[in-house]
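Here's the structure we're looking at; comments come further down.
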Ligand code: ATP
């Protein structure tokens with residue numbers, strides 16, 4: 001890339017803790033290597049509107065520990081249209097931005113791929129930033145570890161009430177299409193079961209859990225449920241238990257947006273720092289249209305088209321571990 005031009009950086013889609021650490025890493029590493037950086041505010045929406053400002057090393061001071069994103073984030077309908085992307089391209093030309101670094105999830109990277117296909121003189125580099133951990137090609141996404149820890153902290157508190165009142169709690173967590181948060185938070189909090197989108201046998205799961213766990217040995221239970229617009233999530237399961245097993249005292253807790261924010265964990269800060277620095281290394285190697293990932297503790301370059309196309313499977317061992325340990 002021509003060092004007279006700028007690297008543009010934006011955050012897009014849902015915010016995730018560690019995005020600021022990634023913005024800092026990209027900015028500092030870029031400047032260290034002789035590049036200039038412009039921050040783009042409000043994701044693709046701000047790119048179209050020309051909300052752009054040069055970033056210095058000082059601009060990213062004191063943000064590594066902050067949740068959310070200093071660049072703000074947005075969901076942009078306009079960018080999903082050809083006309084919207086043309087406007088975005090014109091802003092990039094006007095601002096002399098040659099490379100766009102996008103921190104976001106599946107949707108944001110899908111937009112990046114289309115954009116890079118349409119305008120071959122720009123480069124897009126993606127950083128996986130989503131609490132769902134659902135991007136193929138990377139073991140972890142920025143924000144996942146913090147969200148997982150937040151959920152576990154909440155479930156520990158809910159457990160006190162569940163035990164004292166001898167109740168079943170259905171705790172709903174984020175992850176529409178991916179059960180990583182639900183499955184791993186269930187293991188980490190000692191929950192009795194997890195109901196995840198990857199496992200379609202949820203009817204059996206619920207019944208197995210009721211008969212095996214709650215009836216025989218336990219006087220309280222916690223079931224972690226991935227949010228699901230299709231089946232109604234935790235509310236749906238609570239209703240079912242109320243109808244089919246009226247003897248049980250059932251409650252629902254939907255954790256909602258408190259899962260997104262907060263100071264990033266050390267794990268997310270380190271991940272974001274490594275991925276951000278690697279994005280600049282990739283540019284120095286003339287890489288284009290890739291997502292930076294991490295696998296077995298090594299940085300990997302994943303074609304954006306693969307990261308968004310393939311489903312990331314959940315490790316079936318995790319299902320067995322929870323089943324065995326929750327007796
Ligand atoms: P999260 O995992 O947190 O939801 P995400 O990146 O998947 O993050 P989305 O809302 O799906 O979040 O996408 C963010 C933005 O990416 C959209 O608002 C839109 O501007 C852009 N985008 C998504 N899909 C496309 C597409 N098919 N074509 C062009 N742009 C897209």
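The values are calculated or read from the model by the stated rules, or taken from the named source; none is laboratory data. What you are looking at is a predicted structure, and each value in this text was computed from that prediction instead of being measured. Every residue, glycine among them, receives a Cβ derived from its backbone with ideal geometry; neighbour counts consider all protein chains shown.
Condition first: in contact with a strand residue (DSSP E or B) (Cβ under 7 Å, 6 or more places away or on another chain) and either assigned to a helix (DSSP H, G or I) or not assigned by TED's automatic domain parsing to the domain that holds residue 133 (or both). Now tell me which residues in the range 92-108 satisfy that.
As a first pass, look at the range 92-108 and keep what is in contact with a strand residue (DSSP E or B) (Cβ under 7 Å, 6 or more places away or on another chain): 92, 95-105, 108.
Residues satisfying the conditions are 92, 108.
Go through 12, 17 for me and flag whichever is surrounded by 21 or more Cβ atoms within 10 Å (Cβ to Cβ) and within 9 Å of the ligand (Cβ to nearest atom). Break it down stepwise before answering.
Values: 17 fails: within 9 Å of the ligand (Cβ to nearest atom).
One residue alone meets the criteria, 12.
Inside the range 38-49, can you point out the residues that are within 16 Å of the ligand (Cβ to nearest atom) and either over 25 Å from the mean Cα position of the chain (by Cα) or on the phi < 0 side of the Ramachandran plot (or both)?
Of the range 38-49, the ones within 16 Å of the ligand (Cβ to nearest atom) are 40-49.
40, 41, 44, 45, 46, 47, 48, 49 - these are the residues of the range 38-49 that are within 16 Å of the ligand (Cβ to nearest atom) and either over 25 Å from the mean Cα position of the chain (by Cα) or on the phi < 0 side of the Ramachandran plot (or both).
For the range 117-164, enumerate the residues that are over 19 Å from residue 196 (Cα atoms), assigned to a loop (DSSP other than H, G, I, E, B) and more than 11 Å from the ligand (Cβ to nearest atom).
119, 120, 121, 122, 137, 138
Looking at the range 163-179, can you tell me whether even one residue there is within 11 Å of residue 223 (Cα to Cα), free of Cβ contacts under 8 Å to residues at least 60 places away in the same chain and not assigned by TED's automatic domain parsing to the domain that holds residue 136?
Looking through the range 163-179, none of the residues is within 11 Å of residue 223 (Cα to Cα), free of Cβ contacts under 8 Å to residues at least 60 places away in the same chain and not assigned by TED's automatic domain parsing to the domain that holds residue 136.
Hey, residue 314 hits all of (1) assigned by TED's automatic domain parsing to the domain that holds residue 132; (2) assigned to a loop (DSSP other than H, G, I, E, B); (3) within 18 Å of the chain's Cα centre (by Cα) but one; which does it fall short on?
So the condition that residue 314 fails would be (1).
Would it be correct to say that residue 54 is surrounded by fewer than 21 Cβ atoms within 10 Å (Cβ to Cβ) and in contact with a strand residue (DSSP E or B) (Cβ under 8 Å, 6 or more places away or on another chain)?
Working: surrounded by fewer than 21 Cβ atoms within 10 Å (Cβ to Cβ): yes; in contact with a strand residue (DSSP E or B) (Cβ under 8 Å, 6 or more places away or on another chain): yes.
Answer is yes for this residue.
Name, by its number, the condition in (1) touching a helix residue (DSSP H, G or I) at 6+ places or on another chain (Cβ under 6 Å); (2) surrounded by fewer than 17 Cβ atoms within 10 Å (Cβ to Cβ); (3) in the same structural domain as residue 175 (by TED's automatic domain parsing) that does not hold for residue 305.
Among (1) touching a helix residue (DSSP H, G or I) at 6+ places or on another chain (Cβ under 6 Å); (2) surrounded by fewer than 17 Cβ atoms within 10 Å (Cβ to Cβ); (3) in the same structural domain as residue 175 (by TED's automatic domain parsing), the lone unmet condition for residue 305 is (3).
Kindly provide the set of residues from the range 50-75 that are assigned to a helix (DSSP H, G or I) and either free of Cβ contacts under 8 Å to residues at least 24 places away in the same chain or under 24 Å from the mean Cα position of the chain (by Cα) (or both), ordered by number.
Result: 58, 60.
Take residue 23 and tell me if it is surrounded by 20 or more Cβ atoms within 10 Å (Cβ to Cβ) and either assigned to a helix (DSSP H, G or I) or within 16 Å of the ligand (Cβ to nearest atom) (or both).
It is true that residue 23 is surrounded by 20 or more Cβ atoms within 10 Å (Cβ to Cβ) and either assigned to a helix (DSSP H, G or I) or within 16 Å of the ligand (Cβ to nearest atom) (or both).
Against the condition more than 15 Å from the ligand (Cβ to nearest atom) and under 23 Å from residue 1 (Cα atoms), how does residue 114 come out, does it pass? Quick ask: steps written out before the conclusion?
Working: more than 15 Å from the ligand (Cβ to nearest atom): no; under 23 Å from residue 1 (Cα atoms): yes.
The answer is no for residue 114.
Just name the residue that is nearest to residue 172 (Cα to Cα) out of those in the range 237-259 that are surrounded by 15 or more Cβ atoms within 10 Å (Cβ to Cβ) and modelled with pLDDT under 90.
My answer is 237.
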